[in-house]
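The structure appears right after this line, and notes come after that.
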Amino acid sequence: MTFVGAGWTWINAIPGFNEANANLAHQFGNSFIEGNPVHSVIHIALSLVSVAIIAMFTLATRAAWAKSKNPAIPAEGFSIRNFMEMILDTCLNLGEQVLGSRKQAERFLPLIGALAIYIFFHNVLALIPGMAPATDNLNVTVGPAIVVFLATHFFGLKDNGTHYLAHFLGPKIGGFPWLFPLMLPIELISHLARPLSLALRLFGNMFGDHAVLAIFLGLLAIPIIYPVPIMLLGTVVVIVQTLVFCLLTLVYIALAIEHSEEAH
């Protein structure tokens, strides 16, 4: 059997999928992000699997809340509800530490929580034998990175109005931003580099982790026991990359919504 190390996943075992995959890839032509001819759209199928898992976990959590007499009280034992609440609680605490306010953390919890759940479940497919993470494709990681880029500037303008644009002009000296010819291009490049760095960091780490696992799987006739240490390392990578993405998002938001005196 050909394992994931050669690009095979359980999705490829679905009758007719390989033919449909090749035909759909041909329709896409060249990749918008990479510019190379598209040979496979398996990352779209993997992303749909992740979204389906997220939907099932979300519905199960909502059902558990509806059945609970007091949803504010955590359920006993380990359950899907507790797992989802743990993710959201981690995002809330992380937001409070970065933004310095519980109120602000709650304000941005829908965005940060959604990003954490989306990225985590896309990453975690790497830990399922015979599957691969959708996030080892740059076309997938660019999506949430663009969302963060747009959200950052939206909240910056919403909280600071047109004064937010003054952040791009540098400090005022004598009431006028004399350094704006230098600061403006630097700030523009810096802000445009943020979504690129978010997308490349997530893609690079997940691609590297998947490649290492694939190498070990390819060395073994029965890839069950030996890759366990690599799988444990992969678990750490999945969690850390989710946290890093959310942490950087919070930092960018904090910088956007701060009220800088020199910009007024």
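Read-outs: derived from the displayed coordinates by stated rules, not from any lab. What you see is a predicted model; the values in this text were computed from it and never measured. Positions of Cβ are generated from backbone atoms using ideal geometry, with glycine treated the same way; all protein chains shown enter the neighbour counts.
P(r) for region 70-169, from all Cα pairs and a bin width of 5 Å, is 2, 11, 14, 17, 19, 15, 11, 6, 3, 2, 0 %, short bins first.
Taking Cα centre as origin and charging only the Cβ of basic (Lys, Arg, +1) and acidic (Asp, Glu, -1) residues, the dipole magnitude of region 79-263 rounds to 140 debye.
Normalised by 2.2 N^0.38 Å, where N is the number of residues, the C-alpha radius of gyration of region 1-136 stands at 1.34. Helix 17-28 axis versus longest C-alpha principal axis of the chain: approximately 30°, rounded to the nearest ten. Counting every C-alpha pair in the chain, the share spaced more than 25 angstrom apart comes to 56%. Compared with the dominant Cα axis of the chain, that is its longest principal axis, helix 80-99 is turned about 30°.
Within the chain, which is the longest segment that contains none of the GluC sites (Glu not before Pro) sitting in a DSSP loop with at most 12 other Cβ atoms within 10 Å? The longest uninterrupted stretch comes out as 77-264. Couplings for region 194-205, taken from phi via the Karplus curve 6.51 cos²θ - 1.76 cosθ + 1.60 with θ = phi - 60°, read 4, x, 5, 5, 4, 5, 5, 5, 5, 4, x, 5 Hz in order; Gly and Pro are left as x. Note on the chain: dipole from Cβ charges, positive end direction compared against 122, 9, 53; the farthest Cα belongs to 53.
Dipole magnitude for region 53-159: about 340 debye, using +1 per Lys or Arg Cβ and -1 per Asp or Glu Cβ, origin at the Cα centre. Evaluated with a Cβ-only charge set (Lys, Arg +1; Asp, Glu -1), region 22-105 carries a dipole of roughly 380 debye about its Cα centre, given to the nearest 20.
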